[in-house]
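The values are calculated or read from the model by the stated rules, or taken from the named source; none is laboratory data. Predicted model only: the values in this text are computed from it and were never measured. Please note: Cβ atoms are built from the backbone with ideal geometry, for glycine as well, and neighbour counts cover all protein chains shown. These accessible areas exclude ligands, DNA and RNA; they are computed on the full protein's heavy atoms, side chains included. Shrake-Rupley method; radii C 1.70, N 1.55, O 1.52, S 1.80 Å.
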Amino acid sequence: MSPPDALAVMPRVPLQWVLWDIKDTLLKVRGSVGDHYSKEAERWGLSLHPAEINAAFQETYRRYSSRYPNYGSSQGQTGQTWWIGVMRDTLAECKVNDPALLNTMANNLYQDFCNAEKWEVFRDSKTALERCSSLGLKLGVVSNFDNRLETILRSCGLLSSFSFVVTSEEAGVAKPSPAIFHQALQKCGTSADRVAHVGDHYVYDYLASRSVGIHGFLLDRDNSHKEGAVPQEHRVVTLDELPSRLQDLMIE
């Protein structure tokens, strides 16, 4: 059963803020993780197959996420130590055995993923941000991401669009917990019913935001929720559709 929608019992007030998820909403990894790891391996004279790396990465990422959720923030880890562990173990699964080389490659990859060339900004992202700002809406970020996010957004030309960035590493809690949205609402300085949120995950973005009274919108780029539980007025297939939906919420 879905959690109760707090908006169902609230009177309507004009919208002031839009909160944004980042990964797979405004940008995504360019190519695949395997492509980037194999290129780093080439620098050291190693030949690793991207498909093998992708399989090792997916298993390692799942294991770390289960053992050390939210970058191990409650277990004394940082995003950097967490990711370097994931990268080292992924490469080790691909038969890279030299501990010093594993450390060097993992540190290089961690830094490299701050650069714009590792990321692809969706074609509709910048226009949607500009259109929302032109409506007089203020924009913020709520993302399950480590503390490199501001650097990544800056390198991709997106950071200046936002008044603040809340990462799950900084917040110490990740979506779908209501607590990360409450931290964002404090930064907005207004009530939840004056705030919208858009993201690509049905539970982490859509249901979680609406459970605290935020106007949640699901970005459904692959149209997989066309026949699902999301009302059509809460679902967009591209960000081009979003500004007009938000404009409707700005009318008292």
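Observations on the structure shown:
- Amide H contacts under 5 Å for Val237, placed H, 5+ residues apart: Asp220
- Label-point separation, Ser160 to Asn115 (7 Å along Cα→Cβ), nm: 2.3 nm
- Note that the range 179-196 has calculated 3J(HN,Hα) couplings of 4, 5, 6, 5, 4, 5, 5, 4, 5, 5, x, 8, 7, 4, 6, 9, 10, 10 Hz, one per residue in order, obtained from phi through the Karplus relation 6.51 cos²θ - 1.76 cosθ + 1.60 (θ = phi - 60°); glycine and proline are x.
- One decimal place: the segment Thr238-Lys39 gains 68.4 nm when fully extended, by the rule 0.36 nm per residue minus the C-alpha distance.
- Cα gyration tensor shape of the range 133-178, rounded if a/c is under 1.5, else prolate or oblate by comparing a/b with b/c: oblate
- Accessible area per residue for the range 77-182 is 42 Å², calculated with a 1.4 Å probe on protein heavy atoms, without ligands, DNA or RNA.
- Other-chain or far-sequence residues with amide H under 5 Å of Val165's (modelled H): Val141
- Subtracting the Cα-Cα distance of Asn103 and His49 from their residue separation scaled by 0.36 nm leaves 17.5 nm.
- Thr78 - accessible surface, heavy atoms, 1.4 Å probe, Å² rounded to 10: 60 Å²
- Scanning residues 5 or more positions from Phe122 or on other chains, those with amide H under 5 Å from its amide H are Leu27, Lys28, with H placed 1.01 Å from N in the peptide plane.
- The listed residues Arg194, Arg123, Arg62, once ranked by accessible area (1.4 Å probe) with the largest placed first, stand as Arg123, Arg62, Arg194.
- Computed over protein heavy atoms with a 1.4 Å probe, the carbon and sulfur contribution to the accessible area of the range 30-118 reaches 48%.
- Couplings for the range 108-115, taken from phi via the Karplus curve 6.51 cos²θ - 1.76 cosθ + 1.60 with θ = phi - 60°, read 4, 5, 4, 6, 4, 6, 7, 8 Hz in order; Gly and Pro are left as x.
- On the principal axes of its alpha-carbon atoms, the chain has extents of 63, 35, 35 Å, going from largest to smallest.
- Estimated dipole of the chain in Debye, rounded to 20 [Cβ of Lys and Arg +1, of Asp and Glu -1, Cα centre]: 320 debye
- 19 Å Cα-Cα reach of Lys39 towards aspartates and glutamates, excluding residues that sit fewer than 8 places from it in its own chain: Glu52, Asp89, Glu93, Asp98, Asp112, Glu117, Glu120
- Per-residue 3J(HN,Hα) values for the range 129-143, derived from phi via the Karplus relation 6.51 cos²θ - 1.76 cosθ + 1.60 with θ = phi - 60°, read 4, 5, 5, 5, 5, 5, 7, x, 7, 8, 10, x, 10, 10, 9 Hz in sequence order (x marks Gly and Pro).
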